[in-house]
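Participant: This is the structure I want to talk about, given as structure tokens.
The values are calculated or read from the model by the stated rules, or taken from the named source; none is laboratory data. Note that the structure is predicted; figures quoted are calculated from it, not measured. Quick reminder, even Gly has a Cβ in these numbers, built from the backbone with ideal geometry, and neighbours come from all protein chains shown. Just so you know, the surface numbers come from the protein's heavy atoms only, side chains and all, with ligands and any DNA or RNA stripped out. Shrake-Rupley method; radii C 1.70, N 1.55, O 1.52, S 1.80 Å.
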Amino acid sequence: PSNAIPTGGYLKDNYAYPYHDYALTEPANPPLTQEGTMTSDDPTSVHKCTKGIGVSDGSVDPLSGKAAFCWILTTPDRKAWIKVSKPVRANPRYMTSFRAEMAGLLDMLQYIDKHNMHDAFLTLWCDNKACLDILSSKEDPYMTDLSSSEADLIQAARKIIKQCPNMAFQHVLGHQDDYGPVSDRPIEVQLNIECDKGADLCQRQEWPASFRPTAPEGTGAMLYLNNDMVTTEMDEQIQYAAHGLDNLTYVRDKYEWTDNNILSINWKSIRESKNRLDTSDNIRISKLVNGWLNVGKKKKTHR
């Protein structure tokens, strides 16, 4: 839970053990919630509508990992509407556009659920087809799916969708404003462009990130490393938390680098390139780069 108290521990045989028994204690004050903005015009009419349109879009900065979403829920004539923008929290090193898009859809679904709009004929539009394919699936997820990427959002969203028999999901092409005016385009295209701009604006703002974000309702369990939720690449994130700092310290001391030298290296690209190699080639390159590979330099001394 978001109000969990961190505890120390140690690693042994690829397992983590706490130094002492862990007990969850309630905080004196309720945990902070992430900030965002909401604007609306006649929201009551939206809550009572029998037919509505919802559009959501996300935005991610690939360098900083900052992300946000924006969604709009409106009546077909656009006389009544609700617009929400919020930042998306997770480990910025592993932030993806998929999470930003899915977080927006989930937040809109939670709003629909909160205001008892389950029976309305709602069409939700998104420009990320992967999100729509997962949410439109009629099959229940396998147990292995619950530990896959962004399973916390998918699991919570599917629980709400099951209560909305008249809900439909549709794909809209994004960034259609790149090809000229959109005033004569369908309403979902215009709303998608507005959501795209809203998500970009929210993503560029400085939201407080010193607190631990609350996991989405219906998640069941959430792993935190520091104040970051682990929502994808769980094995890799745990491995980095256990050994990453030690490895960076070793490299910095060995080559007499400064912290700026460390930060200037695109470690993500190196990791992705090495992960495409066979295990033997991957290990060989690591040894060669760090000077651990036997290159026969001292053969002459043993003749």
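Participant: I need the full set of residues from the range 229-254 which are loosely packed, with under 13 Cβ neighbours inside 10 Å and either of a type in the set (F, W, Y) or outside any helix (DSSP H, G or I) (or both), in order please.
Facilitator: Y250
Conditions tested, residue by residue: (1) more than 19 Å from D196 (Cβ to Cβ); (2) touching an Asp or Glu at 6+ places or on another chain (Cβ under 8 Å); (3) among the small types (G, A, S).
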site	(1), (2), (3)
T37	no, no, no
H47	yes, no, no
I53	no, yes, no
S59	no, yes, yes
S64	no, no, yes
F69	no, yes, no
I72	no, yes, no
P76	yes, no, no
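Participant: A follow-up question, please. So W257 passes all but one of these: (1) surrounded by 13 or more Cβ atoms within 10 Å (Cβ to Cβ); (2) at pLDDT 85 or above; (3) under 30 Å from S56 (Cβ atoms). Which condition number does it fail?
Facilitator: W257 satisfies every listed condition except (3).
Participant: Within the range 102-115, which residues are open to solvent by 10 Å² or more (accessible area, probe 1.4 Å), more than 30 Å from Q237 (Cα to Cα) and in contact (Cβ under 8 Å) with a residue 12 or more places away in the chain?
Facilitator: Within the range 102-115, Y111, D113, H115 qualify.
Participant: OK, next. Could you list, in sequence order, all residues of the range 62-96 that are of a type in the set (D, E, K, R), closer than 30 Å to K268 by Cα and either more than 19 Å from the chain's Cα centre (by Cα) or open to solvent by 50 Å² or more (accessible area, probe 1.4 Å) (or both)?
Facilitator: If the condition is that a residue be of a type in the set (D, E, K, R), closer than 30 Å to K268 by Cα and either more than 19 Å from the chain's Cα centre (by Cα) or open to solvent by 50 Å² or more (accessible area, probe 1.4 Å) (or both), then K66, K86, R93 are the ones that fit.
Participant: Right, next: R99 versus (1) surrounded by fewer than 22 Cβ atoms within 10 Å (Cβ to Cβ); (2) under 12 Å from I154 (Cα atoms): which is the lone unmet condition?
Facilitator: So R99 meets the others, but not (1).
Participant: Out of the residues in the range 209-243 meeting the condition of being small (G, A, S) and modelled with pLDDT of 75 or more, tell me which one is nearest to the chain's Cα centre (by Cα).
Facilitator: The residue in question is A241.
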